[in-house]
1. Any residue in segment 24-34 that is assigned to a loop (DSSP other than H, G, I, E, B), surrounded by fewer than 17 Cβ atoms within 10 Å (Cβ to Cβ) and either touching a strand residue (DSSP E or B) at 6+ places or on another chain (Cβ under 6 Å) or not polar (S, T, N, Q) (or both)?
2. Considering only segment 41-60, state which residues are part of a loop (DSSP other than H, G, I, E, B) and surrounded by 15 or more Cβ atoms within 10 Å (Cβ to Cβ).
3. Based on this model, can you work out whether V99 counts as farther than 21 Å from L21 by Cβ and either in contact with an Asp or Glu (Cβ under 8 Å, 6 or more places away or on another chain) or surrounded by fewer than 21 Cβ atoms within 10 Å (Cβ to Cβ) (or both)?
4. Restricting segment 156-170 to residues that are over 22 Å from I117 (Cα atoms) and outside any strand (DSSP E or B), which is modelled with the lowest pLDDT?
5. Within the set of pairs 6+ apart or on separate chains, which have a first residue in segment 33-47 that is among the hydrophobic types (A, V, I, L, M, F, W, C), a second that is not in a helix (DSSP H, G or I), and C-beta atoms under 8 Å apart?
6. Is there any pair with a first residue in segment 176-192 that is among the small types (G, A, S) and a second that is part of a strand (DSSP E or B) whose Cβ atoms are under 8 Å apart and which are 6 or more apart or on different chains, and what are they?
Amino acid sequence: MTEDPWAPLAALHAQLPRGELDRYVDELERWNRTIRLVGPRDRDGIRLQVIDAVLPFLHLPPRFPLLDIGSGAGLPGIPLALLHPQGAILCMEPRIKRVAFLRHACRVLALNNVRVIAERTSGALLADPSLAHGVLTATARAVADVPSLLDAAAPFLAPGGRVVLPRGGEDKSPPPPGWERSRCLPYVAPKPLGSRSVQEFRRS
């Protein structure tokens, strides 16, 4: 019996859209030949990137609308839109080639629940003030500077909204003033990713 390559997600999400996720990986692999969207070049490596982006939100389910800041190749916004077709997702990305990919992926995958915003957080509210205080979850991947990300996300959060960040291991560094870490859930990702945690921040 062939091993399910999506097994780490299927174990936590019963109705996994494997076909759509495979199509997304196909498009990522194809575009990645000319535009550097993700580090891995091969399908297995790209699939692992998708799994790594989605796992935090299977341990700590998102609330919608969700804002994916610096969405890049659409991680985690695009696969989360596939898993939650009724959830509104905003993919915010300023780099035009990545914006082109995001819009292409939404067309190919028929994602009507995703809005692509071709702006940085600093310019998005000037371009569209209606984005203020409208999301219940904000997130970003590969965040080194958590305080800056929290500051950038704050104007978009609705009352009761939170910022959910994947972190390596159990990062317990104190949050910046005005914020509290409301949850920190450790988990083990597939090899070679190792120990991870997903952390939730709220305004204090």
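1. First, pick out the residues of segment 24-34 that are assigned to a loop (DSSP other than H, G, I, E, B): 33-34.
Filter again for surrounded by fewer than 17 Cβ atoms within 10 Å (Cβ to Cβ), leaving 33-34.
Now drop any that are not either touching a strand residue (DSSP E or B) at 6+ places or on another chain (Cβ under 6 Å) or not polar (S, T, N, Q) (or both), which leaves 33.
Checked against the condition, which is being assigned to a loop (DSSP other than H, G, I, E, B), surrounded by fewer than 17 Cβ atoms within 10 Å (Cβ to Cβ) and either touching a strand residue (DSSP E or B) at 6+ places or on another chain (Cβ under 6 Å) or not polar (S, T, N, Q) (or both), segment 24-34 yields at least one hit.
2. Of the residues in segment 41-60, the ones part of a loop (DSSP other than H, G, I, E, B) are 41-42, 60.
Matches in segment 41-60: L60 only.
3. Working: farther than 21 Å from L21 by Cβ: yes; either in contact with an Asp or Glu (Cβ under 8 Å, 6 or more places away or on another chain) or surrounded by fewer than 21 Cβ atoms within 10 Å (Cβ to Cβ) (or both): yes.
So V99 passes the test.
4. Top of the filtered list is E170.
5. L37/G72; L37/A73; V38/G72; V38/A73; V38/L75; I46/V38; I46/P40
6. G178/R203; S182/R162; S182/E200; S182/F201; S182/R202; A189/S195; A189/R196
The values are calculated or read from the model by the stated rules, or taken from the named source; none is laboratory data. These numbers were taken from a predicted model, which means no experiment stands behind them. Cβ sites come from the backbone with ideal geometry, for glycine too, and all protein chains shown count toward neighbours.
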